[in-house]
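Taken together, the values in this text are just the output of simple stated rules run on the coordinates, not laboratory data. Small disclaimer: the values here were computed from a predicted structure and weren't measured. Cβ coordinates were reconstructed from backbone atoms using ideal geometry, including for glycine residues, and neighbour counts include every protein chain displayed.
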Amino acid sequence: MHCQKLFLALGLVISFLLAACSAAIPRTNAANSQVVFVCEHGNVKSLMAAEYFNELARARDLPYRAISRGAAPDSDTVPSPIITGLRADGFDVSSFHPAAVTSADLSSSSHVVLIGTVLPATVSAATPQTEAWTDVPPASISFAAARDSIKAHITSLIEHLAPCTLDLGVT
């Protein structure tokens with residue numbers, strides 16, 4: 001009898017936590033579930049961030065998806081060391097082509113992350129929630145240091161976008 005009451009109480013607590021977490025997760029739709037990462041050229045830091053973000057968002061079954069853009073793209077490819085580094089982490093970006101950030105990118109996003117850059121003056125739109133990451137080291141000097149910094153920021157961003165993720169250890 002004591003065990004039944006304990007399980008009933010535990011079930012109520014879990015139900016309450018699930019309801020609270022569901023209420024805490026921002027409701028999104030296709031129009032505002034995009035996150036845009038912007039770096040100077042759109043083919044290194046923002047690309048890394050988008051790949052790591054999308055992996056974590058999928059793993060947590062979140063509705064958000066990220067894109068990578070550049071403030072001033074100057075290439076149509078990804079540098080070889082970045083392809084190699086991301087491939088080692090399970091991402092194939094060999095066919096990725098950087099694109100400049102546009103007003104449409106901003107208007108269709110719920111969140112904008114500027115990584116070591118600012119939005120170009122030519123982009124005009126009411127910007128959604130924006131944050132700047134100014135402490136990400138150059139990936140050209142240390143891919144691992146840039147990756148680790150970006151991953152730490154991604155984890156914080158995911159927690160901000162979906163602050164209540166309940167892990168019951170069920171797989």
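Out of segment 50-87, which chymotrypsin sites (Phe, Trp or Tyr not before Pro) are coil in DSSP terms and have no more than 16 other C-beta atoms within 10 Å?
Sparse-neighbourhood loop chymotrypsin sites (Phe, Trp or Tyr not before Pro): none present.
Among Glu51, Glu40, rank each residue by its count of other Cβ atoms within 10 Å, from fewest to most, as a rough exposure measure.
Listing Glu51, Glu40 from fewest to most nearby Cβ atoms yields Glu40, Glu51.
Which order do peptides 95-106, 130-141 fall in by mean Cβ count within 10 Å, highest first?
Order by mean packing, descending: 95-106, 130-141.
Please give the FRET efficiency for Arg87 paired with His160, using the beta carbon to beta carbon distance and R0 = 30 Å, rounded to the nearest 0.05. Spell out each step's value before the answer.
Working: r = 29 Å, r/R0 = 0.96.
Working from the Cβ atoms, E equals 0.55.
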